[in-house]
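Heads up, the thing below is written out as structure tokens.
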Amino acid sequence: MRIGELARRAGVSARALRHYEEQGLILARRAANGYREYDETDIRLVAQIRSLMAVGFTLEDARPFVACLRAGHASGNACPESVAVYQRKLAEIDAEIQALVARRTEVATQLKQACPGCAIRRTQ
């Protein structure tokens with residue numbers, strides 16, 4: 001299939017596909033006329049990339065998942081390298097949460113000092 005069809009079927013722009021190709025995440029074959037050609041496996045690769053990016057992973061983070069799929073695994077999650085990326089990302093998220101909680105505590109303290117009678121709302 002050509003780039004337009006892959007873009008439509010994967011729900012991304014052709015520009016995104018060209019970017020993924022530039023980053024080495026997907027590989028286009030070239031037809032005799034120079035057009036990019038893709039196959040069904042590329043849809044799975046793009047879907048994996050998009051699902052990871054939707055939850056905050058980078059394209060670099062996606063590499064082990066793509067490599068795992070290319071190696072023939074049913075899921076990009078099936079390889080130890082992918083699991084390591086998940087573990088690293090969870091540690092990053094936990095650190096971000098801790099930093100946000102500390103910032104919130106500091107802002108709440110400053111609010112109490114500035115306005116002793118003001119209510120501090122906690123949203124969840």
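What follows is calculated from the coordinates using simple rules that are stated; it is not laboratory data. Because the structure is predicted, anything quoted here is derived from the model rather than measured. With ideal geometry, Cβ positions are generated from the backbone for all residues, glycine too; neighbour counts draw on all protein chains shown.
Out of (1) 99; (2) 140; (3) 110, which label holds the value of volume of the Cα convex hull per residue in Å³ that was computed here? Among (1) 99; (2) 140; (3) 110, the one calculated here is (2).
Counting alpha carbon pairs within less than 8 Å and at least 6 residues apart, what relative contact order, in whole percent, applies to segment 3-114? Show your work: numbers first, answer last.
Values: 73 pairs, mean separation 16.1, N = 112.
With pairs under 8 Å counted, the relative contact order is 14 percent.
Computed from the C-beta positions of residue 67 and residue 123, the FRET efficiency with R₀ = 35 Å rounds to 0.30. Note on residue 81 and residue 15: with the Förster distance fixed at 25 Å, the Cβ-Cβ geometry gives a FRET efficiency of about 0.35. Estimated from the Cβ-Cβ distance and a Förster radius of 22 angstrom, the FRET efficiency linking residue 114 and residue 94 is about 0.10.
Rounded to the nearest 20, the Cβ-based charge dipole of the chain about its Cα centre (Lys and Arg +1, Asp and Glu -1) stands at 400 debye. Residue farthest toward the positive end of the dipole of the chain, with Cβ of Lys/Arg at +1 and Asp/Glu at -1: which of 27, 66, 14? Comparing the listed Cα positions along the dipole, 14 ranks first.
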